[in-house]
Amino acid sequence: MDTTAYLFDLLKIILPALIVAGSIFYLIQQYLEKEQQRRIIELRLEATKTTLPLRLQALERVTLLLERITPNNILIRLGSAGQTAPDYYRLLLQEIRAEYEHNLSQQLYMSPDTWAEVKGAKEHILTVINKSYQGLAQPQQARGTELAKRVLETLINEEVDPTERALNAVKREAAGLF
């Protein structure tokens, strides 16, 4: 019976010690998890402070790209007076592609869906210009003003602004940053 009493006394000492040790382990584990979450939040905040201005600048540049390649704007900016339709056609395509290529790196700072909208807008504008050029009676003898007029007529008939969806996507993404 001596052994049973000894084991019972030993159990009375070890059991509370195990409960205290388990509680301490649990509390330390909780503290370390919360500390790790706090560090992750701090790192994200720091990254946001760095990338937010870059993302906003990219969205601004893409907005400018879309505004510059909008047919109404590009036709005015690249006057067609004194040019043949083939020369004006090449100039329009070259300018749109150059604007797009100049801003290709901005896709790093925006969602793939938004970039797809931007790319789709560019392709739609190129398609409108191509259709308009092909629709000229005699493209080689036509004037640049005739091509510009045909592009505008095509846009009016479609009743769609080729850059509107892309601009709205860029605006939604910018609004989502805040």
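The values are calculated or read from the model by the stated rules, or taken from the named source; none is laboratory data. Since the structure is predicted, the reported quantities are computational estimates derived from the model, not experimental observations. Ideal geometry is used to build each Cβ from the backbone, glycine not excepted, and the neighbour counts take in all protein chains shown. Side chains included, ligands, DNA and RNA excluded: accessible areas come from the protein's heavy atoms. Shrake-Rupley method; radii C 1.70, N 1.55, O 1.52, S 1.80 Å.
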| Residues being open to solvent by less than 100 Å² (accessible area, probe 1.4 Å) and not in a helix (DSSP H, G or I) - total across segment 1-42 | 0
| note | Counted residues in segment 119-170 being touching a residue at least 40 places away in the same chain (Cβ under 8 Å) and surrounded by 13 or more Cβ atoms within 10 Å (Cβ to Cβ) come to 27
| message | at pLDDT below 90, assigned to a helix (DSSP H, G or I) and open to solvent by 40 Å² or more (accessible area, probe 1.4 Å): is that true of Lys49 in this structure? | response | yes
| field | Given (1) part of a helix (DSSP H, G or I); (2) acidic (Asp, Glu); (3) more than 30 Å from Thr51 (Cα to Cα), index of the condition Asp113 fails | value | (3)
| said: Being open to solvent by less than 70 Å² (accessible area, probe 1.4 Å) and either touching a His at 6+ places or on another chain (Cβ under 8 Å) or not polar (S, T, N, Q) (or both) is the filter here; which residues of segment 97-118 pass it? | reply: Ala98, Glu99, Tyr100, Leu104, Met110, Trp115, Ala116, Glu117, Val118
| When Asn73 is evaluated against the numbered criteria (1) touching a strand residue (DSSP E or B) at 6+ places or on another chain (Cβ under 9 Å); (2) surrounded by fewer than 16 Cβ atoms within 10 Å (Cβ to Cβ); (3) in a helix (DSSP H, G or I), which criterion, by number, is the only one it fails? | (1)
| request: Kindly check whether there is at least one residue in segment 97-104 that is free of Cβ contacts under 8 Å to residues at least 24 places away in the same chain, within 12 Å of Ala166 (Cβ to Cβ) and in a helix (DSSP H, G or I). | output: no
| request: Identify, from the list Glu60, Glu67, the residue that is under 20 Å from Leu155 (Cα atoms), in contact with a helix residue (DSSP H, G or I) (Cβ under 9 Å, 6 or more places away or on another chain) and at pLDDT 90 or above. | output: Glu67
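Within segment 83-96, does at least one residue satisfy the condition of being within 30 Å of Gly176 (Cα to Cα) and either surrounded by 15 or more Cβ atoms within 10 Å (Cβ to Cβ) or not polar (S, T, N, Q) (or both)?
Filtering segment 83-96 down to residues within 30 Å of Gly176 (Cα to Cα) leaves 96.
Filter once more, so that each one left must be either surrounded by 15 or more Cβ atoms within 10 Å (Cβ to Cβ) or not polar (S, T, N, Q) (or both): 96.
Within segment 83-96, one or more residues are within 30 Å of Gly176 (Cα to Cα) and either surrounded by 15 or more Cβ atoms within 10 Å (Cβ to Cβ) or not polar (S, T, N, Q) (or both).
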| request: Given the conditions (1) over 24 Å from the mean Cα position of the chain (by Cα); (2) touching a residue at least 24 places away in the same chain (Cβ under 8 Å), report the number of the one that Arg61 does not fulfil. | output: (1)
